[in-house]
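Structure record follows, encoded as structure tokens.
The values are calculated or read from the model by the stated rules, or taken from the named source; none is laboratory data. All values reported here derive from a predicted model rather than from experimental measurement. Cβ atoms come from the backbone with ideal geometry, glycine included; neighbour counts cover every protein chain shown. The area values use the complete protein model at the heavy-atom level, side chains included, leaving out ligands, DNA and RNA. Shrake-Rupley method; radii C 1.70, N 1.55, O 1.52, S 1.80 Å.
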Amino acid sequence: MLEKVKFINHMNEAMDWGSNGIYVNQNDLRNYSWDYAKENNKISAFSQSIVKKSVPIVIACQSEDEGVAIKNRLFEICEKDVLATQHGRLIVGDYYLKCFVSGSSKTEYLKHKGYLKVTLTIVTDYPQWIKESTVTFRNDEDSVAQEGAKRNLDFNVDFAYNYASELHGNTLNNAGFVGTNFRLIIYGACTTPTIYISGHRYQVNRIVEANEYLTIDSVEKTITLTKRNGEIVNCFNFRDRDSYIFEKIPSGSNVVSWNGDFGFDIVLIEERSEPKWT
């Protein structure tokens with residue numbers, strides 16, 4: 001059984017590794033390890049640093065022209081991320097890894113122009129496999145245009161997103177086995193938007209005008225306002241300082257409450273050291 005993998009660079013250019021002349025052999029993508037610190041001969045903390053992985057690929061095409069095209073496209077899609085220093089995404093099942101293809105080692109390329117064995121070096125500074133799921137909460141006015149509100153999360157390619165929506169929903173189910181990071185996207189118009197999730201307050205003391213949206217990102221530790229003209233404004237200093245705004249969403253069922261004057265999306269960001277087996 002061959003591996004099914006997809007690679008998408010930062011320009012949303014996608015390439016399937018597992019069909020149509022390009023195939024992935026057994027690899028170490030699911031392997032992981034944690035570094036540890038010790039104090040008084042006891043483990044005191046765990047951490048992960050930059051991780052390097054390898055993906056062996058076989059290109060096997062009937063047509064020489066097709067093989068040449070695949071080899072060139074493989075290089076060009078991966079190299080664009082390196083030159084721009086922007087992560088691509090390696091996708092296995094419903095999970096993606098933010099990474100770069102930093103190297104390529106080739107053998108058996110003289111047999112036929114449509115044949116090549118290549119081992120790609122994958123390097124990541126965020127060695128977590130990520131699955132994103134979005135739950136939508138709307139007030140009465142926004143519920144009519146609910147589908148249009150998702151435009152801010154659309155991509156040109158099919159990422160591992162699982163969209164669900166609830167009108168006036170008051171529960172949020174985190175299916176992960178631990179608390180997860182999140183992106184909270186609040187749509188204007190509203191003033192000092194405040195949301196409670198399992199009793200924890202997420203509040204930004206800022207006016208969000210109509211056709212603007214506020215994004216709280218617990219991974220990047222940022223709060224930004226996207227204005228009507230596309231300008232992005234840093235709103236970190238407008239956060240409520242009495243309640244930690246980047247608090248992870250607890251595992252399980254969570255009660256969600258707000259004043260109902262605005263709509264918002266909660267993007268759950270499940271992270272694992274290995275992608276979930278299916």
Mind checking the full-extension length gain between Ser257 and Thr119? Use 0.36 nm per residue of separation minus the Cα-Cα distance, one decimal, nm. 44.7 nm
Assuming R0 = 30 Å, what is the FRET efficiency of Lys221 and Asn170, from their Cβ-Cβ distance, to the nearest 0.05? 0.65
Output ³J(HN,Hα) for segment 191-198: one whole-Hz value per residue in order, computed from phi by the Karplus curve 6.51 cos²θ - 1.76 cosθ + 1.60 with θ = phi - 60°, and x for Gly and Pro. 10, 6, x, 9, 10, 10, 10, 6
Cα-based reach from Lys6 at 19 Å (exclusive), listing lysines while leaving out same-chain residues under 8 positions away: Lys52, Lys53, Lys71, Lys80, Lys98, Lys117, Lys131, Lys276
Collect residues whose amide H, placed 1.01 Å from N in the peptide plane, falls under 5 Å from the amide H of Ser104; neighbours closer than 5 in sequence don't count. Thr121
Which ³J(HN,Hα) values in Hz, rounded to whole numbers, follow from the phi angles of segment 88-104 under the Karplus curve 6.51 cos²θ - 1.76 cosθ + 1.60, where θ = phi - 60° and Gly and Pro get x? x, 10, 9, 10, 10, x, 9, 10, 10, 10, 6, 7, 10, 8, 9, x, 8
Given the DSSP H assignment, sum -39500 (n - 2.57) over each helix run of at least 4 residues in the chain and divide by its residue total; what's the result at 222 nm in deg cm²/dmol, nearest 500? -3000 deg cm²/dmol
For a Förster distance of 30 Å, can you work out the FRET efficiency between the beta-carbons of Asn211 and Asn12, rounded to the nearest 0.05? 0.75
Chymotrypsin sites (Phe, Trp or Tyr not before Pro) in segment 15-70 lying in a DSSP loop, each with at most 12 other Cβ atoms within 10 Å of its Cβ, come to Trp34
Cα shape, segment 213-278, gyration tensor, a/c 1.5 rule: prolate
Angle between the chain longest axis and helix 64-84 axis [Cα atoms, degrees, rounded to 10]: 40 degrees
If you consider only alpha-carbon coordinates, what radius of gyration and Dmax does segment 41-98 have, in Å? 17.4, 61
Could you pull out every residue, at least 5 positions away or on a different chain, whose amide H is within less than 5 Å of the one on Asn254? Hs are placed 1.01 Å off N in the peptide plane, and Pro or chain starts have none. Leu172, Asn173, Asn174
May I have the pair-distance distribution P(r) for the chain, computed from all Cα-Cα distances with 10 Å bins from 0 and rounded to whole percent? 6, 24, 28, 22, 14, 5, 1
Ignoring ligands, DNA and RNA, what percent of the accessible area of the chain is carbon or sulfur (1.4 Å)? 48 percent
Just flag the trypsin sites (Lys or Arg not before Pro) in segment 74-144 sitting in loop per DSSP whose Cβ has no more than 11 other Cβ atoms within 10 Å. Lys111
Can you work out the accessible area per residue across the chain, with the rest of the protein chains kept in place, probe 1.4 Å, in square angstrom? 54 Å²
For segment 110-125, 3J(HN,Hα) per residue [Karplus equation, 6.51 cos²θ - 1.76 cosθ + 1.60, θ = phi - 60°, Hz, x = Gly/Pro]: 8, 5, 6, 5, x, 10, 6, 9, 9, 10, 8, 8, 9, 10, 9, 9
log10 of Debye I(q)/I(0), alpha-carbon scatterers only, for segment 1-84 at 0.14, 0.17, 0.18, 0.21 Å⁻¹: -0.64, -0.81, -0.87, -1.06
